[in-house]
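J.: One structure coming up, written as structure tokens, with questions to follow.
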Amino acid sequence: MKNLVLLFCVVLLFACSSNSEENECTKEIIVQYGFTIRTPSGTTSIPQLTQEVPCDFPEPTVAQTIQELPRLQNFSYQILSLNVVPDTGNNTSRIEYSVQLNNLSNENVKGIPYITTRVNNQSFTASAPNNSGCLELQANSSCILNYSVEESHSIAIVTDYVIENVEYLIYNSL
């Protein structure tokens, strides 16, 4: 009889431990889908973010596709320098500029600076290079965006270059 009681206790112990493992069931959900933004000046990849949650956690609703990223409303910019050399003597043109981006809001943001330029009387809007260092702006702070490129005259001869506008598109508020 003692053996039977002892056996019953052992079986009960293992049964309880397997129930606790079932209670610890987890699954992984997607918190932010990854996406890539491609422009003539470069590519920015935003990674997918996941989170481990209990199995009984409700399934998240499917996020809707964003056709256009929101713009940072409390934003200003100042052109610090703009240097255009139409002919460097090497059959190339050189464009260099520095623009100060100012986050005038009380929020830290991640985003992409978009610059509208007029080159030889044609306007273009493109994101700033990925190495700009301005992909995050702290609240009430500034960042200097530096750009320098030398292009072959076989691509185009730059005779006129103007920065018309700068915007900051937000993909994440911190």
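J.: Less than 10 Å Cβ to Cβ from residue 85, Lys/Arg counted +1 and Asp/Glu -1: what total charge do the surrounding residues give?
T.: Value of the local net charge: -2.
J.: Same structure again: Run the quick spin-label model on residue 140 and residue 165: label points 7 Å from Cα toward the beta carbon, then report their separation in nm to one decimal.
T.: 2.9
J.: Sorting 155, 144, 46, 112 on the 10 Å Cβ count, fewest up front, what's the list?
T.: 155, 144, 46, 112
Read-outs: derived from the displayed coordinates by stated rules, not from any lab. Computed from a prediction, not measured in an experiment: that's the story for all the values here. Neighbour counts run over all protein chains shown; Cβ positions are idealised from the backbone, glycine included.
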